[in-house]
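**Student:** Can you read through this structure? Questions will come right after.
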Amino acid sequence: MESASQRILDAMVKKTTPEQMERSLEVLAGAGVITSTLWIVGYPGETEEEFEETRRFIKSNRGRIYQADAWLFQYHPAGLAHSGEIEVERGSRSRYSDHINEILALAPYVVDRDLSPAERFDRLERFVRTMNELEIPNPYSVYEWVAAEGRWGSLDGNRTGRRDQYDGPERLRRE
């Protein structure tokens, strides 16, 4: 999914719309298909309103989203849709020294004239807090997978046949 802002989706060349994404979630979840979503936080030029559009989209589709994972946007000067335009409009610089980049075997970049690191991490933190409030997991441990499966099976419209088995993460803590 990556964003629910049409402008950001177009910039990423996703060739979809929020309406199409919503319909896809509806059809997939209705057929019992687990919907794992990835969201990009802090795409260059992303406004606060565009970030909020994404959170509102997730809130309105929470019953159709099995899991949600957020990544902070990472710029690369080559191989990214519109990377040349981002470079011209905003500039970039290597995040680390040449020596560290050689050790890492990659060269992460920072987009200049964009969100500060504090703003980016604030958005990421708000995203994660929203997912926690909505009980949309991003499971990594066995405990988290069991809770995610229980939540998914309990949601109306997801054809898993296990709706009666989930009474929230508290049940898992009791067992």
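The values are calculated or read from the model by the stated rules, or taken from the named source; none is laboratory data. Quick caveat, the model's predicted, so the values are computed rather than measured. FYI the Cβ positions are ideal-geometry reconstructions off the backbone, even for glycines, and counts take in every protein chain you see. Remember, those area values only see protein heavy atoms, side chains included, never the ligands or the DNA or RNA. Shrake-Rupley method; radii C 1.70, N 1.55, O 1.52, S 1.80 Å.
**Student:** Could you give me the residue pairs with C-beta distances under 7 Å whose first residue belongs to the range 1-18 and is charged (D, E, K, R), whose second residue is assigned to a loop (DSSP other than H, G, I, E, B) and buried (at least 18 other Cβ atoms within 10 Å of the Cβ) wherever it lies, and which are 6+ apart or on separate chains?
**Tutor:** E2/M12
**Student:** Can you find, within the range 9-38, the residue that is most open to solvent (accessible area, probe 1.4 Å) among those that are touching a Phe, Trp or Tyr at 6+ places or on another chain (Cβ under 7 Å) and of a type in the set (S, T, N, Q)?
**Tutor:** The qualifying residue most open to solvent (accessible area, probe 1.4 Å) is S36.
**Student:** Would you check if E52 is at pLDDT 95 or above and open to solvent by 20 Å² or more (accessible area, probe 1.4 Å)?
**Tutor:** Values: at pLDDT 95 or above: yes; open to solvent by 20 Å² or more (accessible area, probe 1.4 Å): yes.
Against the criterion (at pLDDT 95 or above and open to solvent by 20 Å² or more (accessible area, probe 1.4 Å)), E52 qualifies.
**Student:** Another question, then. Quick test of your reading of the structure: P44 fulfils all but one of (1) surrounded by 19 or more Cβ atoms within 10 Å (Cβ to Cβ); (2) closer than 30 Å to G84 by Cβ; (3) under 13 Å from the mean Cα position of the chain (by Cα). Name the failing condition by number.
**Tutor:** Unmet condition: (3).
**Student:** Related question: Note down all Cβ pairs under 6 Å where the first residue falls in the range 28-39 and is within 18 Å of W145 (Cβ to Cβ), the second is among the acidic types (D, E), and they're at least six residues apart or on different chains.
**Tutor:** So the pair list comes out as L38/D69.
**Student:** Related question: Could you check the range 48-74 and list, in sequence order, the residues that are free of Cβ contacts under 8 Å to residues at least 24 places away in the same chain and within 27 Å of S94 (Cα to Cα)?
**Tutor:** The one that is free of Cβ contacts under 8 Å to residues at least 24 places away in the same chain and within 27 Å of S94 (Cα to Cα): E48.
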